[in-house]
Amino acid sequence: MKRISLILLGVLLLGLPEKAAAVQKIPILIYHSIAEYNGHGSKELYVSPENFEKQMSYLRDQGYTLLTFERWRDRMKVKKPIFITFDDGYKNNLNAFAIFQKLSTINFKPTGTIFVISDFIGRTNRLSISDLKRMSDSGLISIQSHTATHPDLTKVEDLKYELKVSKEKIQEITGKPVIALAFPYGNTNEQVVTETKKYYLFGLTTTPGPYSQTGIKNELYLLPRTYIKYSTTMEEFVKIVKIE
């Protein structure tokens, strides 16, 4: 029954193929920490709140529509569609949430997707259950899966725990369907995709570049994403999102 429900949800979200999608290019951005760099971890995986706000303000001022994967079909209907994603579920993603709230108006609703590692929820530097619930309830943030323990899935023999159990744990917290998976390290292969398709409608890699429908096999499980880094200048950001 759950498998049938996922198929029906897929039909509603994905819809029928449309010719226009073949030439449409859609940026999918990937962030990690939204905070000032504090000397721990990779500096390039940080974006300061100031820079993040400038980037989101640019998208607002240039008429972009920020989408989540629940609104996948809307990419064909809205002006300048773009997806903002965050990996790992760091506590400092609350800074991004606060900026979304600050910039939100009647005419501009900034939304994003946070891919959380389900077994890490509630750790000192990670989002808590109450954080996830509050953000999900706001309608500004979609909470999706980054697996249970963040392994390289191509090296995992039993994928059920990483894929199915993480999905169920997040759904229990938010009360909303979990339909997208971000592959840890962007690593995937045919077996991983086959298993992912049992539980999710989308799989996201870290292959750079915008998404463009090409009709290749398992296309929605090989979605590309472009890193926005600490060193990314505003000029570089504009080039990344400005798809002609």
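Which length gain, in nm to one decimal place, applies between GLN24 and SER104 when the Cα-Cα distance is subtracted from 0.36 nm times their residue separation? Intermediate values should be presented prior to the final figure.
Working: separation 80, 0.36 × 80 = 28.80 nm, distance 2.62 nm.
Roughly 26.2 nm would be gained on extension.
Roughly speaking, what is the stretch gain from ASN187 to GLU168, that is 0.36 nm per residue apart minus the C-alpha to C-alpha distance, in nm to one decimal? Mind dumping the intermediate values first?
Values: separation 19, 0.36 × 19 = 6.84 nm, distance 2.21 nm.
Extending this stretch completely gives an extra 4.6 nm.
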Task: Cβ-Cβ FRET estimate between THR233 and SER138, R0 fixed at 25 Å, reported to 0.05 - done: 0.25
Open item on the list: Please compute the modelled spin-label separation between THR154 and THR124, points set 7 Å along Cα→Cβ, answer in nm with one decimal.
Closed with: 3.3 nm
Open item on the list: Can you give me the Kirkwood hydrodynamic radius for segment 26-241, using every pair of distinct Cα atoms, in Å to one decimal?
Closed with: 17.3 Å
Open item on the list: Output needed: percent of Cα pairs per 5 Å distance bin for segment 73-140, bins running from 0 to the one holding the longest distance.
Closed with: 4, 15, 26, 23, 15, 10, 5, 2, 0
TODO: Rank the residues GLU235, GLU168 as a footprinting-exposure proxy: fewest other Cβ atoms within 10 Å of their Cβ go first.
DONE: GLU235, GLU168
Task: Mean-position separation - Cα centroids, segment 150-211 and segment 31-71, in angstrom - done: 23 Å
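For the chain, what does the helix formula give at 222 nm: sum of -39500 (n - 2.57) over DSSP H segments with n ≥ 4, over the residue count, nearest 500 deg cm²/dmol? All intermediate terms of the calculation are to be shown ahead of the outcome.
On the way: 7 runs with 71 residues, N = 244.
The helix-only estimate for the chain comes to -8500 deg cm²/dmol at 222 nm.
Restricting to segment 26-241, compute how many DSSP beta bridges are antiparallel as a %, nearest 5.
On the way: 2 of 27 bridges.
Here the antiparallel bridges make up roughly 5 percent for segment 26-241.
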- [ ] Identify all aspartates and glutamates with a Cα-Cα distance to LYS102 below 12 Å; exclude those on the same chain that are fewer than 8 residues away in sequence.
- [x] GLU53
- [ ] May I ask you to list the lysines whose Cα is less than 30 Å away from that of LYS164, ignoring any residue fewer than eight positions away on the same chain?
- [x] LYS2, LYS91, LYS133, LYS155, LYS176, LYS197, LYS198, LYS217
Open item on the list: Only helices at least 15 Å long along their own axis, judged from Cα atoms, and with Kyte-Doolittle mean hydropathy of 0.0 or greater: name those in the chain from DSSP H.
Closed with: 2-14, 93-103
Task: Net charge of neighbours whose Cβ lies under 12 Å from the Cβ of ARG71, counting Lys and Arg as +1 and Asp and Glu as -1 - done: +2
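If r is the Cβ-Cβ distance from ASN218 to MET76 and R0 is 30 Å, what FRET efficiency results, to the nearest 0.05? Mind dumping the intermediate values first?
Working: r = 20 Å, r/R0 = 0.68.
The computed FRET efficiency comes out at 0.90.
Read the figures in this text as sums done on the coordinates, not as results from a lab. None of the values given here were measured: they were computed from a predicted structure. Note that we place each Cβ from the backbone using ideal geometry, even for glycine, and neighbour counts take in every protein chain shown.
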